[in-house]
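In what follows, a structure is listed as structure tokens, so that the remarks can point back to it.
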Amino acid sequence: MKNKYKFPFDFNVCVAYLPRFDETVEGPRSNYSCSVLGIPENSKHKEEAWRFIRYYVEECSNYIAASGNLPTYLPAYNDEMVNIFCEGSGLDVEYGKKFFDGDVKLTTNKIIGPCGAQYMQIGKEEIEQYFNGEKTLEETLDNIERRVNEELAKQ
């Protein structure tokens, strides 16, 4: 959202929690992707690498937020960080606070279970046609349901 030079846009950005099937699903829900900092097993400087990672995570949260990435160090979350995260992104601070909401339950962004990869592929194919204007939303949802049910019937 922050790299408007490379990805220009002129619309407001908003954030919403994922919908829940019913009230038995704890909410609010969202999914995230993350980057990982790791230390190779054969590293000659494991202690130094660990000290750097700890410093980066604990002390550089505002720097991480300024880059448009979500810091993972929860004790650093405050209004200043939210403002830094939103600055220059087109994201209103009230929406930005949703990224820092400690009550949000995380959920996977991948379908798991039997034929999970096929279900993901079906969704990708059908949604692409919707976004290209080739199908209506109703047609898209109907096709996803039909095709997934066909896969389930094969099990």
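None of the figures in this text is laboratory data; all of them are computed from the coordinates on show. This one's a predicted model, so the numbers in the text were calculated from it and none came from an experiment. Counting neighbours? That spans all protein chains shown, and the Cβs are built from the backbone with ideal geometry, glycine included.
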At 222 nm, what helix-only mean residue ellipticity would the chain give, in deg cm²/dmol to the nearest 500, using -39500 (n - 2.57) for each DSSP H run of four or more?
-13000 deg cm²/dmol
Two-site FRET efficiency, Asp10 against Glu145, from Cβ-Cβ distance with R₀ of 30 Å, rounded to 0.05
0.30
In nm, what is the difference between 0.36 nm times the number of residues separating Val36 and Leu106 and their Cα-Cα distance?
23.5 nm
Tell me, what is the FRET efficiency for Asn62 and Thr24 to the nearest 0.05, using R0 = 41 angstrom and their Cβ-Cβ distance as r?
0.60
Taking every alpha carbon pair in region 1-69, what does the distance histogram look like in 5 angstrom bins from 0, in percent?
3, 11, 12, 14, 14, 14, 12, 11, 6, 2, 0
Tell me the label only: which of (i) 61, 36, 17; (ii) 35, 23, 17; (iii) 24, 18, 16 is semi-axes √(5λ) of the Cα gyration tensor in Å as calculated from this structure?
(ii)
Within region 33-70, find all residues whose amide N lies under 19 Å from a label point positioned 7 Å from the Cα of Met120 along Cα-to-beta-carbon.
33-36
